[in-house]
1. Restricting attention to the stretch 300-316, and to residues there that are in contact with an Asp or Glu (Cβ under 9 Å, 6 or more places away or on another chain) and more than 14 Å from Met255 (Cβ to Cβ), which single residue is surrounded by the fewest Cβ atoms within 10 Å (Cβ to Cβ)?
2. Mind checking which residues of the stretch 355-373 are out of contact with any strand residue (DSSP E or B) (no Cβ under 7 Å at 6 or more places or on another chain) and farther than 13 Å from Ile302 by Cα?
3. For residues that are in contact (Cβ under 8 Å) with a residue 12 or more places away in the chain and of a type in the set (S, T, N, Q), scanning just the stretch 366-396, find the one that is surrounded by the fewest Cβ atoms within 10 Å (Cβ to Cβ).
4. Given (1) over 15 Å from the mean Cα position of the chain (by Cα); (2) outside any helix (DSSP H, G or I); (3) at pLDDT 95 or above; (4) not aliphatic (A, V, I, L, M), where does Asn271 come up short, assuming only one miss?
5. Determine which member of the set Gly211, Gly231, Gly136, Gly196 is within 14 Å of the chain's Cα centre (by Cα), within 28 Å of Ala326 (Cβ to Cβ) and at pLDDT below 95.
6. Working only within the stretch 193-214, note down all residues that are over 13 Å from Thr335 (Cβ atoms) and either crowded, with 23+ Cβ neighbours inside 10 Å or in contact with a Lys or Arg (Cβ under 9 Å, 6 or more places away or on another chain) (or both).
7. Just one of (1) among the hydroxyl-bearing types (Ser, Thr, Tyr); (2) under 28 Å from Gln290 (Cα atoms); (3) surrounded by fewer than 21 Cβ atoms within 10 Å (Cβ to Cβ) trips up Ser357, so point out which.
8. Just the residues that are over 19 Å from Cys419 (Cβ atoms) and touching a helix residue (DSSP H, G or I) at 6+ places or on another chain (Cβ under 7 Å), please, taken from the stretch 359-373.
Amino acid sequence: MKNVVIASLAAVVVGLGAITVAVPSNAATEPQQIPGQIIVKFRDSGAAPGLLRQNGVSDGVGIGSTGAHLVKVPAGKESQLIESLNRNPAVQYAEPDQLVTAAVDEPDPDYFPRQYALHNEGQSFTSTNNTVTVAGGTDDADVDAVEAWDVTTGEGIKVAVLDTGVATDNNDIAANVVLRANFSSAATGEDNYGHGTHVAGIIAATKDAAGVSGVCPDCSILDGKVIDDSGSGSTSSIVNGINWAVENGAKVINMSLGQRVPSLALEDAVNNAWNNGVVIVAAAGNAGTQAPMYPAAYPNVIAVAATDNNDAKASFSTYGGWVDVAAPGVDVYSTFPKHPFTIGTQSGREMGYDIASGTSMASPMVAGVAALVWSTPAGTANTSVRATVESTADAAVTGTGTYWAHGRVNACKAVAGVCDQP
């Protein structure tokens with residue numbers, strides 16, 4: 001388990017790759033925050049109205065089940081009010097509402113093999129346009145999902161995808177969405193950015209459709225849109241999404257997003273979800289460094305790094321002792337909206353299906369494996385599910401013990417299936 005030291009509470013911008021609207025790269029960017037609002041939690045709720053009035057602001061709406069409130073403040077005065085409130089003993093904490101963005105890294109321009117991450121037995125794969133021979137690849141870089149399906153396909157297990165939404169017009173994944181909610185600033189819950197649809201498809205695209213399949217093809221998706229149509233969101237929207245997921249019976253929450261600076265409100269929400277029996281999975285980040293990302297770095301979250309088709313650490317992947325497991329995250333083929341979407345407009349991705357890279361793609365691989373485990377005898381509690389996912393990971397993968405703690409996940413082993421050996 002991770003031991004994370006809470007550092008400065010300055011605002012942040014998430015970075016998991018080049019398709020983040022706020023930052024084109026993960027390298028050393030300044031943290032950012034949502035202007036005009038802060039997060040405040042009081043030790044004495046009765047003192048809240050008067051204390052806020054003294055500072056020229058009024059009480060705001062509650063955020064999830066954390067007990068914190070989202071307080072509107074004059075733009076430009078956020079840091080001053082945070083400092084003032086944190087000096088008052090009636091305040092448990094005051095912090096910025098930090099900027100969070102979706103997480104994905106740019107792929108190579110040529111299409112890569114479809115879904116090598118689920119199952120592969122050789123070096124030749126069929127891509128969208130032609131047949132590609134993967135030079136130097138390995139036939140054990142996948143998570144053995146197909147073998148796992150002989151045991152379970154995860155029917156009825158609810159996985160919350162807190163992201164940019166899930167497209168309603170791609171039935172490979174829309175068919176498995178059972179509930180939708182919009183916590184972002186976007187006008188609708190539709191995925192007009194593209195990231196959330198790709199992530200959700202990695203988890204639960206139905207294998208009976210004509211297109212692609214997810215790791216847990218009979219899982220049900222709770223679509224919580226917490227990031228807007230430009231790829232940005234806020235700490236408070238993530239917190240509200242986590243609370244909604246818990247209230248609606250999610251067994252797994254996937255967050256392919258993050259921020260560089262910790263948030264006490266976000267950690268409260270994560271801990272509440274864990275205490276309510278949920279497995280939480282999050283992307284470790286694409287900075288290529290050991291710097292922690294949040295929520296991935298919190299102890300009650302499975303932090304996920306990315307591997308490539310050689311079963312090696314992806315060059316962009318964040319890594320370190322705080323990262324728990326790895327999963328394929330390079331050129332992962334999955335669903336996209338069948339209408340124009342921002343990622344496609346920016347990078348020429350195809351509508352419907354295409355590849356993307358990032359720990360954003362690795363995280364839902366792990367979320368799908370966790371969901372499969374929930375539907376086996378090991379699925380008695382979130383503690384046992386997490387332990388099973390981590391203990392059955394392929395520890396022989398280069399980097400285990402240095403880049404990540406447990407290895408690259410293996411769905412077949414996690415569900416006690418009959419698995420191919422390398």
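The values are calculated or read from the model by the stated rules, or taken from the named source; none is laboratory data. Only a predicted model underlies this, so the values are computations on that prediction, with no experimental measurement involved. Using ideal geometry, Cβ is built from the backbone for each residue, glycine included, and neighbour counts are taken over all protein chains shown.
1. Filtering first and then ranking leaves Ser315.
2. Those that are out of contact with any strand residue (DSSP E or B) (no Cβ under 7 Å at 6 or more places or on another chain) and farther than 13 Å from Ile302 by Cα: Leu372, Val373.
3. If we take residues in the stretch 366-396 being in contact (Cβ under 8 Å) with a residue 12 or more places away in the chain and of a type in the set (S, T, N, Q), then Ser391 is surrounded by the fewest Cβ atoms within 10 Å (Cβ to Cβ).
4. The single condition Asn271 does not satisfy is (2).
5. The unique qualifying residue is Gly231.
6. The answer is Tyr193, and nothing else.
7. Unmet for Ser357, out of (1) among the hydroxyl-bearing types (Ser, Thr, Tyr); (2) under 28 Å from Gln290 (Cα atoms); (3) surrounded by fewer than 21 Cβ atoms within 10 Å (Cβ to Cβ): (3).
8. Answer for the stretch 359-373, where residues must be over 19 Å from Cys419 (Cβ atoms) and touching a helix residue (DSSP H, G or I) at 6+ places or on another chain (Cβ under 7 Å): Ser360, Met361, Pro364, Ala367.
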